[in-house]
Amino acid sequence: MLYIQNYIDGVLSEALTGTWLAVHEPATGNVYAQAPASAGADVDAAVDAAKRAFPAWCATEAEERSRLLRRVADMIEERLEEFAQAESRDNGKPVWLARMVDIPRAAKNFRFFATAILHTSSEAHQTDDIALNYTLQQPIGVAGCISPWNLPLYLFTWKIAPALAAGNCVVAKPSEITPYSAFLLSQVCIEAGLPQGVLNIVHGLGTDVGTAITAHPDIPAISFTGGTATGASIARTAAPMFKKLSLELGGKNPTLIFADCDFEETLVTVLRSAFSNQGEICLCGSRIFVERSLYDRFRDAFVERVRALVVGDPLDDATGQGALVSATHMEKVLSYIALAREEGGTVLCGGERIQLTGRCEDGWFVSPAVIEGLPFTCRTNQEEIFGPVVTLTPFDTEDELLAMANSTSYGLAASVWTSDLRRAHRVAAALHMGIVWVNCWMLRDLRTPFGGVKQSGVGREGGWEALRFFTEAKNVCIKL
Ligand code: NDP
């Protein structure tokens, strides 16, 4: 049995409560680790450590902060295989995906922000011949970072890296469902020589640790990625305390396919955008709209490719679809398949629990599902399922398409498939989304603003946006 530990004040420790939470391996359904069931007192200790560390850390030269964070990036890469195995075991994702995407991106997050701070400059301007104004971007103090289970280390470091690079100290909580890679990160930070208290990682339930971070009076900024309902609860606590808030929430992303698209390229990438990481990515396209003249051809080819996806042991490199993250989540996904049938949809393939043999016989596997025949207004087409389930809907006109695509309460991302450049610009501008990909999906440049509109969130991560979030702008005005 593996015992995961908190990382507080530079030391690995158990929760002060002395209690533990079972961590499951989704591919087998077995408990393989215990994580600290921390509570408010652990968060208090972490905040105290962070406050003590802050004066020295924010005064540390950018070159030195950058060197330490680049060292963390290097060490993640040196231990890439160990991290990838941990992520796959914890989350159920294919180990090749963790090896190719999650872990390299975590290292990249550190390197990106560690080098960004070497190239920042602040603004200055003269007010006629009266005064000189300049802006200081100063770190906030202690930042709270809370992240979900779907891309555990990738999203955790996407918050921690800019917060630390900007000169803040951090109290962070990974999802209690997937704590393993955050624990490995603690070990890396110790080995890399990150000063004690600069980063503190507290494991435990959202209702214990997450709420304690959100409500703590000495944490003036909260960066959260997770469900919309949790985001609303965090906002309710944080707003009257006037905390800075960055909320990256749910999505119900549309994929818009026009008849003039490059058929093969569209097919391949839309398959990936629908089912990568078992559909458990906030950016996955779960509502696929296809121009009517192409609909039958696309549907038949798509369903054939989906049927060919191998659902299997995440450790097997031939596996396309791993396990869903938890038994509860699997039940939620299956309940949406049942709902889709009740709403009149036809399940063209998948949507069943898969019973594998051998080591994975009790794992939480669901075959990827494609559904057609549903109105765009029904619950299956409006609510976030966050699993391997997509719907296909034909459209006739651009106006009708945009009305359907923009109809949900979410507005995170969309992908548009067309060879008509003018249409691409027009449709991209008309979509109520924070991110629009044209003839691609999840092509991420870390300099770009990342986030959603409507119930998909508030604020933007990425590039300067993240560094701005984790600093306060101060105007200094000098009379000439
Ligand atoms: P949750 O909202 O359930 O949890 C996210 C994190 O918040 C976890 O660490 C959780 O802890 C913690 N938490 C739970 N309750 C509270 C609370 N009351 N106060 C503070 N923290 C709390 O989301 P999931 O982990 O289920 O992740 C899936 C969701 O995340 C989906 O809706 C998905 O769309 C969204 N997401 C959004 C992304 C974006 O960039 N917009 C990216 C990725 C995912 P614990 O799990 O330990 O209880």
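Out of segment 81-184, which GluC sites (Glu not before Pro) are coil in DSSP terms and have no more than 11 other C-beta atoms within 10 Å?
Answer in residue order: 123.
Go from 0 up to the bin containing the longest alpha carbon distance in segment 1-59, width 5 Å each, and give me the % of pairs per bin.
Spelled out bin by bin, segment 1-59 gives 4, 18, 21, 18, 13, 11, 8, 4, 2, 0 percent.
Could you pull the Rg and Dmax for segment 178-251, using just the Cα atoms, both in Å?
Here Rg and the maximum Cα pair distance are 13.9, 39 Å.
Expected output is a single nm value to one decimal: the length gained when fully extending between residue 448 and residue 51, i.e. 0.36 nm times separation in residues minus the C-alpha distance. What is it?
Additional length available on full extension: 139.8 nm.
Given a Förster radius of 56 Å and the C-beta distance between residue 125 and residue 352 as r, what FRET efficiency does 1/(1 + (r/R0)^6) yield to the nearest 0.05? Display every interim value, and only then the final one.
Values: r = 63 Å, r/R0 = 1.13.
Step by step, r from the Cβ atoms, then E = 0.35.
On average, how much area does the Cα convex hull of segment 378-429 cover when viewed from any direction, in nm²?
Here the figure is 4.3 nm², rounded to one decimal.
So with the 1.4 Å probe, I'd like the accessible area per residue for the chain, rounded to whole Å².
On a per-residue basis, the chain sits at 39 Å².
Of the cross-linked pairs 173/332; 173/243; 93/243; 159/479, which ones have a Cα-Cα span greater than 28 Å in the structure shown?
Those over the limit are 93/243; 159/479.
Is the C-alpha gyration tensor of segment 377-480 telling us rounded, prolate or oblate? Criteria: a/c under 1.5 is rounded; beyond that, a/b larger than b/c is prolate, otherwise oblate.
prolate
From the P(r) of segment 253-445, can you give the percent of Cα pairs sitting at distances over 25 Å?
Here the long-distance tail beyond 25 Å is 31 percent of all Cα pairs in segment 253-445.
Kirkwood Rh, the chain, all Cα pairs: how many Å?
23.2
Pop a pseudo-label 7 angstrom from the Cα along the beta-carbon direction at both residue 134 and residue 292 and give the gap in nm to one decimal.
6.4
Rounded to a whole number, what % of the accessible area of the chain do carbon and sulfur atoms account for, probe 1.4 Å?
In the chain, the share of accessible area belonging to carbon and sulfur is 54 percent.
How much of the DSSP bridge set in the chain is antiparallel, in percent, rounded to the nearest 5?
45
The values are calculated or read from the model by the stated rules, or taken from the named source; none is laboratory data. The shown structure was predicted, so the numbers you read here are calculated from the model rather than taken from an experiment. Neighbour counts are summed over all protein chains in view; Cβ atoms, including those assigned to glycine, are modelled from backbone coordinates with ideal geometry. The protein model used for the area step is the full one, side chains on, heavy atoms only, and it has no ligands, DNA or RNA in it. Shrake-Rupley method; radii C 1.70, N 1.55, O 1.52, S 1.80 Å.
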